[in-house]
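Here's the structure we're looking at; comments come further down.
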Amino acid sequence: MTVVIASNKPSAAQVVISPKSAQVVVNAGIKGEIGAQGAQGFQGPPDGAQGFQGVQGAAGAAGVQGAQGTAGVQGAQGIAGVQGAAGAAGVQGIQGAVGATGAQGVIGAQGATGIQGIQGAVGATGATGAQGVIGAQGAQGATGSLSPTGVIASTYGGTANVAVFTVLANGVISFAANAAISGVSNFTATGNSFNITTSAGNSFFAN
């Protein structure tokens with residue numbers, strides 16, 4: 001690319017930028033011819049006023065452009081421009097496949113035993129089981145013989161006496177005696193039952 005900066009004056013310089021290098025070459029064009037001098041004005045009378053200046057001649061035609069000058073020495077490298085702003089972040093890529101599971105690590109030592117938990121509430125009482133079968137009654141033992149109690153076989157009680165007995169837990173009479181009755185107003189005996197009424201209105205019953 002060649003850029004020419006020219007002027008309408010015949011002596012103007014031309015600026016040429018070479019397309020092969022970033023150089024500026026200034027070429028001076030051929031100076032145009034000097035125009036013809038105007039006719040000299042009439043001389044005025046002695047010590048008269050100065051005559052008018054002649055009209056300036058027309059400008060000569062522009063000279064032919066000179067040959068291009070030798071390329072100048074290449075200039076030093078320009079300062080590096082400011083780094084541009086960082087571009088927007090790219091779209092995140094698709095997540096990669098899950099890697100294979102690594103080998104299981106060595107089992108660690110067993111931790112200390114934890115504190116025993118609080119005892120739980122007592123559970124509900126279970127249903128009562130069915131009653132077992134009643135066992136067979138054992139055979140009756142032999143009848144034992146009664147030892148003598150020392151009670152004399154006799155009739156106890158009467159109109160003037162009341163019978164006094166001591167009967168053991170097994171029904172054996174271990175003591176029998178007559179007790180004198182004072183002020184007896186009535187005495188009845190029915191079978192083994194005795195009822196004595198005193199004159200004071202007290203009743204005594206023995207069976």
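If you sort the three axes of the alpha carbon gyration tensor as a ≥ b ≥ c, you get a/c of 1.5 or more for segment 62-131 and a/b above b/c, which makes it prolate. Per the Kirkwood formula applied to alpha carbons, segment 109-167 shows a radius of gyration over Rh ratio, Rg over Rh, of 1.57. Here, segment 161-206 is characterised by an Rg to Rh ratio of 1.03, where Rg is the alpha-carbon radius of gyration and Rh the Kirkwood radius.
Between L146 and Q50, the modelled label-to-label distance comes to 19.9 nm, taking each label 7 Å out from Cα in the direction of the beta carbon.
Relative to one another, the C-alpha centroids of segment 125-170 and segment 185-207 are positioned 27 Å apart. A Förster radius of 41 Å, combined with the Cβ-Cβ distance separating K31 from V82, puts the computed FRET efficiency at roughly 0.35.
The slack between T166 and T113, meaning 0.36 nm per residue of separation minus the straight C-alpha distance, is 11.6 nm.
Since every read-out is calculated from the coordinates, none of them should be taken as a lab result. Source: prediction; values computed, not measured. All Cβ positions, even for glycine, are placed from backbone atoms using ideal geometry, and neighbour counts span all protein chains on display.
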